Amino acid sequence: MQVLQVQLEVGPDPAEVGRARRWARSRLVGSGIGADEPLAETLILLISELVTNAVVHTGCPAVLRMLFGSPGSAGSPGTVRVEVADASCRPPLQRHAEGDDTNGRGLELVDGLADRWGWQPEGAGKRIWCEVDRSAPLIQVQMRPGPHAVAAQGAGTPVVGPQATADQRIATGATGVPVAPTNGSGMAESRKA
């Protein structure tokens, strides 16, 4: 299977997250994924969360990579893999935000939206990755206005976690299951059944 890989260096500034999103959108379109497709929106949200985590929690530059798997011989549309590598060796910590908390939902969203995700050491730092299968049904995230939302931008907070109803958690795929190392090697992975 052939894989197309593109990457972007991201500076240690939160303003870089917007640049990473714009760059990723253009690469998605170039790979044949329409800008208005649900798959594109899911991938942009995943990229935004992973890049934000790298920039905010490490204060270090990062590298965003997108890998596009080619369709298989049986007509499978392939997988899109997103990786964000940073210089921090601290493992990611999946937190569970409560009620009106304004932080702590990033990896919970990644767990709910990606088909698989995990992390592994890379050089002196780490790489956090997630994958979305192009043929898998996509999960819809319902948005509700957050306390710091800007109405003109349509911002909101996802309905995920303890404040969500059972139906909303199922609709968003939020599992709330902590990710643990799978084989004692320091690598963690989460898979959807």
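The values are calculated or read from the model by the stated rules, or taken from the named source; none is laboratory data. Here the structure is a predicted model, which means the values were calculated and not measured. Positions of Cβ are generated from backbone atoms using ideal geometry, with glycine treated the same way; all protein chains shown enter the neighbour counts.
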Exercise. Would you be able to tell me the number of residues in the range 1-30 that are crowded, with 16+ Cβ neighbours inside 10 Å and over 28 Å from residue 87 (Cβ atoms)?
Key: 0
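If I ask for residues that are touching a residue at least 12 places away in the same chain (Cβ under 8 Å) and surrounded by fewer than 17 Cβ atoms within 10 Å (Cβ to Cβ), which ones from the range 34-44 would you list? Walk me through how you get there before you give the answer.
As a first pass, look at the range 34-44 and keep what is touching a residue at least 12 places away in the same chain (Cβ under 8 Å): 38-40, 42-44.
Within the range 34-44, just 38 meets the criteria.
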Quiz item: Considering only residues of the range 51-84 that are aliphatic (A, V, I, L, M) and modelled with pLDDT under 90, which is farthest from residue 18 (Cα to Cα)?
Solution: 74
Exercise. May I ask you to say which residue of 117, 129 is modelled with pLDDT of 85 or more, touching a helix residue (DSSP H, G or I) at 6+ places or on another chain (Cβ under 7 Å) and among the aromatic types (Phe, Trp, Tyr)?
Key: 117
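The rows are residues; the columns are (1) within 12 Å of the chain's Cα centre (by Cα); (2) not hydroxyl-bearing (Ser, Thr, Tyr).
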residue	(1), (2)
26	no, no
30	no, yes
33	no, yes
38	no, yes
44	yes, yes
51	yes, yes
55	no, yes
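In the set 88, 48, which member is in contact with a His (Cβ under 9 Å, 6 or more places away or on another chain), among the small types (Gly, Ala, Ser) and modelled with pLDDT of 80 or more?
Numbers: 48 fails: in contact with a His (Cβ under 9 Å, 6 or more places away or on another chain).
When all the criteria are applied, what remains is 88.
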Quiz item: Which residues, taken from the range 91-103, are modelled with pLDDT of 70 or more, over 22 Å from residue 42 (Cβ atoms) and not hydrophobic (A, V, I, L, M, F, W, C)?
Solution: 91, 99, 100
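Evaluate the following for residue 26: is it modelled with pLDDT of 90 or more and either farther than 22 Å from residue 125 by Cβ or in a loop (DSSP other than H, G, I, E, B) (or both)? Break it down into steps so the answer makes sense when it comes.
Working: modelled with pLDDT of 90 or more: yes; either farther than 22 Å from residue 125 by Cβ or in a loop (DSSP other than H, G, I, E, B) (or both): yes.
Taking the combined requirement at face value, the residue satisfies it.
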Quiz item: If you take the residues of the range 104-124 that are among the hydrophobic types (A, V, I, L, M, F, W, C) and more than 8 Å from the chain's Cα centre (by Cα), which of them is surrounded by the fewest Cβ atoms within 10 Å (Cβ to Cβ)?
Solution: 124
